[in-house]
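Working notes, structure below.
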Amino acid sequence: MNSGHTHFDQSRIWQVIGYKNAGKTTLITRLVRELRERGYTTAVIKHDGHDHFDMDHPNTDSGKYSQAGAEAVAVISNSRHAVIEKRSTSLEEIIERFSAYDYILVEGFKRAPYPKLLMVKEQEDLALLQLERIRAVIAVDSKRLDKEQLPDSAACYDRDHVTKIANFMIQCGVQ
């Protein structure tokens, strides 16, 4: 489905937000599979608010280069590559780097200006509705939600209705 254009339609960027253990990673994983089955390519960007992830492990060559003081390390094979840089970057810079993909799914970055799917596990999680661009509420069990608290502009789905959620995302992009 990828058209190869360098300009990226921002309606294809979707944030999945919610509190810890709300099911964000599970939903993103399922959406990636669903979109791939439909012929779309996807990229995922995850926010690490605790700054403790580690990709260049000490016993690997890339880890040894990093420990020696390299500011950036790239590992390239016939089927994939990874780049590790010791510098901060912006969400926008990574989105631009991923612009060749049909969909970019962003886990976290709650205040970023892209359409959001809000994961709700408990009624209290609806406090995040104050954020901008909430397009849908994804609930563990939507029957248990107080729908009166939902804005008219937000759709509501159960987290297991991945096909319906993907349909909604695609539909929003073609309007």
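Fully extending the segment from residue 92 to residue 72 would add 5.2 nm, taking 0.36 nm per residue of separation and subtracting the current Cα-Cα distance. Largest first, the extents of the alpha carbon coordinates of the range 26-103 on the three principal axes equal 44, 31, 24 Å. With helices as the sole contributors, the chain gives -7000 deg cm²/dmol at 222 nm; each DSSP H run of n ≥ 4 counts as -39500 (n - 2.57), and the sum is divided by every residue. Surface exposure of the chain, expressed per residue as accessible area with a 1.4 Å probe, stands at 63 Å². For the chain, the longest principal axis of the alpha carbon atoms and the long axis of helix 162-174 meet at an angle near 90°. For the chain, the ratio of Cα radius of gyration to the globular rule of thumb 2.2 N^0.38 Å stands at 1.15.
Placing R0 at 45 angstrom, the Cβ-Cβ distance between residue 156 and residue 80 gives a FRET efficiency of 0.75 after rounding to 0.05. With θ taken as phi - 60° and the Karplus curve 6.51 cos²θ - 1.76 cosθ + 1.60 applied, the whole-hertz 3J(HN,Hα) list for the range 85-92 is 10, 8, 7, 6, 9, 9, 4, 4 Hz, x standing for glycine and proline. The stretch between residue 61 and residue 110, if pulled fully straight at 0.36 nm per residue, gains 14.1 nm over its current Cα-Cα span.
Restricting to lysine pairs 8 or more places apart or on different chains, what number in the chain have Cα atoms under 19 Å apart? Final tally of qualifying lysine pairs is 21. Using only alpha carbons, the range 89-175 has a radius of gyration to Kirkwood radius ratio (Rg to Rh) of 0.98.
For the chain, the relative contact order works out to 31 percent when only alpha carbon pairs closer than 8 Å and six or more residues apart are counted.
Pairwise inverse Cα distances across the range 59-110, averaged and inverted, put the Kirkwood hydrodynamic radius at 13.2 Å. To the nearest ten degrees, helix 24-37 and the longest principal axis of the Cα atoms of the chain are 90 degrees apart.
Less than 5 angstrom separates the built amide H of residue 137 from those of 118, 155, 156, 157, all sequence-distant by 5 or more or on a different chain.
Taking 0.36 nm per residue of sequence separation and removing the Cα-Cα distance, the residue 33/residue 100 pair yields an extension gain of 22.3 nm. Expressed as a whole percent, the accessible area of the range 65-145 that falls on carbon and sulfur atoms is 50 (1.4 Å probe).
Sorting 114, 65 by accessible area (1.4 Å probe), largest first, what list results? Provide the component values of the computation, followed by the final result.
Numbers: 114 10, 65 125 Å².
Final ranking, largest accessible area leading: 65, 114.
Label reach from residue 10 (point 7 Å along Cα→C-beta): in the range 132-175, amide nitrogens under 19 Å belong to 132-136, 169-175.
The values are calculated or read from the model by the stated rules, or taken from the named source; none is laboratory data. Predicted model, so just to flag it, every value in this text is computed and none were measured. For neighbour counting, all protein chains shown are included, and Cβ atoms are generated from backbone atoms with ideal geometry for every residue, glycine included. For accessibility, only protein heavy atoms count, side chains too; no ligands or nucleic acids. Shrake-Rupley method; radii C 1.70, N 1.55, O 1.52, S 1.80 Å.
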